[in-house]
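For reference, the structure is listed below as structure tokens.
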Amino acid sequence: MPTFSADVNLESVVYLQTLKAKLEWKHFERLMKIDNPTLHSFVAKYIDLCQPEQVYVSAGTDEDIEYIKQAAIRDGEESKLATKGHTIHFDNYYDQARDREHTVILVEKGLNLGFGIRTGKREELLKEVHEILKGIMKGHPLYVCFYSLGPVDSIFSIPAVQLTDSSYVAHSENILYRQGYNMFVKQGKSARFLKFVHSQGELDERKTSKNLDKRRVYIDLEDEAVYSTNTQYGGNTIGLKKLAMRLTINRASKEGWLTEHMLLMGIHGPNNRVTYFAGAYPSMCGKTSTAMMEGETLVGDDIAYLRRVDGEVRAVNVEKGVFGIIQGINSKDDAIQWEVLHSPVEIIFSNVLVTKDGDVYWDGHDGPVPLNGINHSGEWYIGKKDKEGKVIPCSHPNARFTVELKYFRNLDRSWDDPRGVPLKAIVYGGRDSDTSVPVEQSFDWTHGIITKGAALESETTAAVLGKEGVREFNPMSNLDFLSIPISRYVEDNLRFGEGLSNPPLIFGVNYFIRGGRGEYLTDKKDKRVWFKWMELRVHKDVEAIKTPTGMIPIYEDLKSLFAEVLNTEYPINLYEQQFTIRARENLAKINRITKIYSTIEGTPPILFKVFEEQKKRLLDAQARFGDYISPLKLA
Ligand code: SPV
Ligand code: MN
């Protein structure tokens, strides 16, 4: 039993009483082993408020991990599938994605974070969400879990505590994040930890969140806490994923490092050289397929922290697992993921179709669509319609799989290195049918951050968002997660590369450029060549052609790479089509982007200057060569 010293304050006695009354001895002891009264009072506060039936404090042992995994099945949040280790979880039919509308950054009255960032009044909304949380866990257990964002025992590590009444959420986090209990014990009072409070709320007979009208995701930067209620979908609930991103973007901004929505990978060059790349792509722009390219190695597929260490940039994967989109994965195009998804390892599938044999199927899977099964809408059959009269696909377009990275055969050897990997290049990739060439290096850090990162756009696809070809502005593919004004975020990015003697090179890629008849000009596999070329550029092994918008490959270099990497011919007329600089479209893009930034208060003036210079180069070239400028004329 802990003993109280005479100067212990009354409040601490009160919360200790709550903990002692509510926690079994084993769990109480575990919590007390972390010498951090702020943590103790935080846990006690939400026990008092949410009134769970029991409290499970996870120390992240194998036994705890197994307990939570089994609890998810016992509680019915997951069900076993035919393959060993596989389970299925369903979210409510109307809870299949991040809820942008109810995800709010809490700010003091009168404050506004500007364009693209949803804010609300802190005091008012804290009150509202705490009202929602009152008694919400009655009859349900509460899991208290400790994690480390980034590798443990590293300058990158950030401790985080998750409170949740969902065994599915706790199970997912055990797959996706490094355990952090020992780190909390070691750091004790000095731990600067992030806090996540989640409740799925009342469940329906399918064990999915029922009260979606009270779905909230409120982000409190001041207290570094996030409250998420009446939802189960991972992007709204798995605190350490996109909820933590909002907190760490803010922290990083104050401390001079970066939290980015980026994949990390090793590109393998000549003589066994490995060169590390980061890549930011808005949703549906090829991020995962890039991370999974044959012949290269994977460090991370979604979130990265970047820091300057001894004059160079180091980066880590914040996670240790993948919460990946499953739609479209087939044995031919996605061999690595296909293999993992068909091996008997621990995988949570969500919102896919389950057949009567207990197998899973998703849109784009090999073979014909099963006639019926169970999916996110319940009993399903081909042609089934929802309440709105919309035909329900066999799996939701945002259906996912959750699995540890360790099962991927392309995992990079340094993926968990506490020092991070040395970052040599950053790639920004949008979905763009008519403007940018397939691959292009920027002139320098500033030019890259501004014309590639800050100008990132993606076109909506008919399948997902209705109107096709609408361009969405999405700087660094991070807009949904920003908790600081865009202008400050761009400035932080600009400053990050300043003073580095060898900053990472910045590239733009575009896998979606089309020709005059609407046909795609590149093949899915071509990205493997673009990356090999970028790798050579990092090491100055190849020259490049200067265009008004950046540096593009020389035909002969690509020809050799196509032969070497893909064993294919690369006709010069295809090169010419792909790498034609489209002056008119590029000028239109500059107009679109600068128009947006001119409405954003505090945009660094350098942004307008860099676009102005680019515009001038384009106009000069247009005057000489016309709207469409062949790369062969510039060589
Ligand atoms: C994304 O949408 O960028 C994801 C999935 O990685 S979510 O967790 O929903 O953010
Ligand atoms: Mn993501």
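The values are calculated or read from the model by the stated rules, or taken from the named source; none is laboratory data. Bear in mind that the values here come from a model prediction, so they are computed numbers and not experimental data. Using ideal geometry, Cβ is built from the backbone for each residue, glycine included, and neighbour counts are taken over all protein chains shown. Just the protein is used for accessible areas: all its heavy atoms, side chains included, with ligands, DNA and RNA removed. Shrake-Rupley method; radii C 1.70, N 1.55, O 1.52, S 1.80 Å.
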Notebook entry, point to check: Taking the chain as the region of interest, what is the percent of Cα-Cα pairs per 10 angstrom bin, listed from the shortest bin to the one with the maximum distance?
Noted result: 3, 16, 26, 26, 18, 8, 3, 1, 0
Next item on the list: Specify the angular offset, from 0 to 90 degrees and rounded to the nearest 10, of the alpha carbon long axis of helix 605-625 from the longest principal axis of the alpha carbons in the chain.
Entry: 30
Margin query: If packing is taken as the average number of other Cβ atoms within 10 Å across a peptide's residues, how do 558-568, 276-286 rank, most packed first?
Written below: 276-286, 558-568
Note to self: What is the angle, in °, between the Cα long axis of helix 486-497 and the longest principal axis of the Cα atoms in the chain? Nearest 10 is fine, range 0 to 90.
What the structure shows: 70
Note to self: Give me the one-decimal nm value for the distance between modelled label points at Arg584 and Ser560, 7 Å along each residue's Cα-to-Cβ direction.
What the structure shows: 3.7
Margin query: Which one, Leu113, Gln614, Val274, projects farthest toward the positive side of the charge dipole computed for the chain from Cβ point charges (K/R +1, D/E -1)?
Written below: Gln614
Check: Rounded to the nearest 20 Debye, what is the dipole magnitude of region 323-407 about its Cα centre when Lys and Arg each give +1 and Asp and Glu each give -1 at the C-beta?
Finding: 320
Checklist line | Inter-site label distance for Thr599 and Ala623 at 7 Å from Cα along Cβ, in nm | finding: 3.2
Item checked: For peptides 361-372, 514-525, sequence by mean Cβ density within 10 Å, most packed first -> 361-372, 514-525
Checklist line | Kirkwood-type radius of region 86-138, with distances r between different C-alpha atoms, in Å | finding: 13.7
Check: What percent do you get for the relative contact order of the chain when only Cα pairs under 8 Å and 6+ apart count?
Finding: 12
Margin query: Over region 323-407, what is the relative contact order in percent, taking alpha-carbon pairs closer than 8 angstrom and at least six residues apart?
Written below: 40
Next item on the list: Report in % the part of the accessible area of region 372-515 that belongs to carbon and sulfur, leaving out ligands and nucleic acids; probe 1.4 Å.
Entry: 48
Next item on the list: Go through Lys26/Lys320; Lys254/Lys320; Lys524/Lys559; Lys22/Lys320; Lys214/Lys387; Lys134/Lys242 and tell me which ones have a Cα-Cα distance over 23 Å in this structure.
Entry: Lys26/Lys320; Lys254/Lys320; Lys22/Lys320; Lys134/Lys242
Check: Residues with beta-carbon under 11 Å from that of Arg216, excluding Arg216: net charge, scoring Lys, Arg +1 and Asp, Glu -1?
Finding: -3
Next item on the list: Would you mind listing how long region 200-338 runs along its three principal axes, going by Cα atoms, in whole Å with the largest first?
Entry: 58, 44, 21
Next item on the list: Pop out the carbon and sulfur fraction of the accessible area of region 60-167 as a percent, whole number, probe 1.4 Å.
Entry: 51
Note to self: Just the number: Rg to Rh for region 425-508, Cα atoms, Kirkwood Rh, two decimals.
What the structure shows: 1.01
Checklist line | For the chain, size of Cβ-based charge dipole, Lys and Arg +1, Asp and Glu -1, in debye | finding: 900
Next item on the list: Report, for the chain, the % of DSSP beta bridges that are antiparallel, rounded to 5.
Entry: 65
Notebook entry, point to check: What full-extension length gain, to one decimal in nm, is calculated for Asn591 and Lys189 as 0.36 nm per residue of separation minus the Cα-Cα distance?
Noted result: 139.6 nm
Next item on the list: Could you tell me how many degrees, from 0 to 90 and to the nearest 10, lie between the Cα long axis of helix 244-255 and the main elongation axis, the longest principal axis, of the Cα atoms of the chain?
Entry: 70
Note to self: At 1.4 Å probe size, what's the solvent-accessible area of Val509? Round to the nearest 10 Å².
What the structure shows: 10
Next item on the list: Quick one: which residues, 5 or more positions from Asp91 or on another chain, have an amide H under 5 Å from its amide H? H modelled 1.01 Å from N in the peptide plane, none for Pro or chain starts.
Entry: Asn351
Item checked: Cα-based Rg of region 323-407 normalised by 2.2 N^0.38 Å, two decimals -> 1.09
Check: Taking all pairs of different Cα atoms in region 224-295, averaging 1/r and flipping that mean, what Kirkwood radius in angstroms comes out?
Finding: 14.7
Notebook entry, point to check: How big is the C-alpha Rg of region 477-635 next to the rule-of-thumb value 2.2 N^0.38 Å, as a ratio?
Noted result: 1.17
Notebook entry, point to check: Cβ under 9 Å from Leu194's Cβ, Leu194 left aside: what net charge do those residues give with Lys, Arg +1 and Asp, Glu -1?
Noted result: +2
Checklist line | Taking region 495-620 and dividing mean pair separation by its residue count, relative contact order in percent (alpha carbons under 8 Å, at least six apart) | finding: 19
Checklist line | Charge sum, other residues only, whose C-beta stays under 11 Å from Ser157's C-beta, Lys/Arg counted +1 and Asp/Glu -1 | finding: +2
Checklist line | Which of Val299, Asn36, Phe512, positive extreme of dipole for the chain (C-beta unit charges) | finding: Phe512
Next item on the list: Keeping all protein chains in place, calculate the accessible area per residue for the chain (probe 1.4 angstrom), answer in Å².
Entry: 41
Checklist line | Helix-only CD estimate at 222 nm, as mean residue ellipticity for the chain, using -39500 (n - 2.57) per DSSP H run (n ≥ 4) | finding: -9000 deg cm²/dmol
